[in-house]
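See below for the structure under consideration.
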Amino acid sequence: MTVTKNLFGQMPSGENVNSYTLSNGNMSVKIIEFGARISKLIYDGVSVVCGFDTMDGYLKDGDYHGSIVGRYANRIFEGKFKIDDKEYSVSNNEKGRYHLHGGYCGFSGKLWTYEDSKEESSYSSLTLKYISVDGEEGYPGTLTVHVTYTLTKDNALSISYSAVSDKDTIINLTNHSYFSLSGVGNTILDHKLKMYCDDYIPVDEKLIPFGNYAEVSGTPFDFRKEKTIGRDIEAEDPQLKTGGGYDHCFVRDKGENKKKPELIASITSPVTGIKMDILTTEGGIQMYTGNFMTAENPFFERYPQMKNQAVALECNRIPDSPNHEAFPSCIFRAGEEYTQTTIYSFNK
Ligand code: BGC
């Protein structure tokens, strides 16, 4: 199996941005050094992840397409949190009041560096690295992050993360790909989804968690029995009105992490028959149904962006958890390793 390197484009500062395409013949994944993003994923001839063909597309993008998001994915209320008794303030890049996806220029906006790649008979892989310096966006500690993308011969894309800081800090990483299993340019409202999540996290009108778990049972958030994403998306539910659709963290076992990746969700397109299983060590999965997807920045410079055209299924910790006792801790002590493995496995 192969890894092919190409020049993708340039950063505004003039540095080159390379792409690396992992391929097994039937599936290929193109990753760019800008934001360590999945820029294109083709399975069985169908392009199933939204992206852009040029750096210009990515530089205009405000929706984190395909990127690795960090140091803390999703929102932190007023950008404030405490570790022990010390208070920290990180950038409030959303409406000047909230921290979102790592700040003004989080990991999604950084140029990652090549670390390693492998071409084996059963898989090919790419490891990228980013060093986030002490104080970047307000976070304590210099954090060294490695992300390895591995494509197997049986069409599974695994994303393994590891990160270590030299001071106590908070860490919550994810991949922010938007999937459309009918092919980019179509809707996801007809996709059938099953999630192994008994609870979800209700949010206020700023999309910040109140701090409690809510049972999905008897609500539009119950995907424990497979149903289409669109079936209940317009239901009279204040939580759905808040987000203009689904924009919530679904939780397995109260957000507890697993030692090995376990199945958390499966999603199928009725048009192509493509099914994607998601396995993860994370206890949460943020489902964002592209409710604000109206940017005038066509995917692959051809497909106009439209609401509900794709769905992000981001495996991570619970949003704003540093500010809520009930949620598992995201604090990592100096020298303590953060790890995550998430697998997107395709079949038909
Ligand atoms: C969040 C959304 C946000 C989107 C793009 C998602 O992870 O849940 O609220 O609009 O990312 O920033």
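Calculated accessible area for the chain comes out at 39 Å² per residue, all protein chains present (probe 1.4 Å; ligands, DNA, RNA ignored). The share of Cα pairs per 5 Å bin across the range 59-164, counted from zero up to the longest distance, runs 2, 11, 19, 20, 17, 12, 8, 5, 3, 1, 0 percent. The distance from the alpha carbon centre of the range 74-88 to that of the range 250-318 is 27 Å, rounded to a whole number. What the Cα convex hull of the range 251-338 gives, in volume per residue, is 162 Å³. The length gained by stretching the chain between residue 80 and residue 339 to full extension, at 0.36 nm per residue less their Cα-Cα distance, is 90.9 nm. Please compute P(r) over all alpha-carbon pairs of the chain, binned at 20 Å starting from zero, and give each bin as a whole-number percent. Distribution as computed: 32, 62, 6 percent. In the chain, helices alone account for a calculated mean residue ellipticity at 222 nm of -1000 deg cm²/dmol, with every DSSP H run of four or more residues adding -39,500 (n - 2.57). Applying both filters, DSSP loop and at most 15 other Cβ atoms within 10 Å, to the trypsin sites (Lys or Arg not before Pro) of the range 236-315 gives 258, 259, 302, 307. Mean sequence separation of contacting Cα pairs (under 8 Å, at least six apart), scaled by the length of the chain, corresponds to a relative contact order of 18 percent. Determine the alpha carbon to alpha carbon distance for each of 275/307; 192/307; 129/167; 129/254; 80/110; 40/206 and list only those over 26 Å. The pairs that break the limit, which is 26 Å between Cα atoms, are 129/254; 40/206.
Whenever you get a sec, compute what percent of the accessible area on the range 134-218 sits on carbon and sulfur atoms (1.4 Å probe). Roughly 48 percent, rounded to a whole number.
The values are calculated or read from the model by the stated rules, or taken from the named source; none is laboratory data. Since the structure is predicted, the reported quantities are computational estimates derived from the model, not experimental observations. Methodologically, a virtual Cβ is constructed for each residue, glycine included, from the backbone with ideal geometry; neighbour enumeration extends over all protein chains shown. Accessible surface areas use protein heavy atoms only, side chains included; no ligands, DNA or RNA. Shrake-Rupley method; radii C 1.70, N 1.55, O 1.52, S 1.80 Å.
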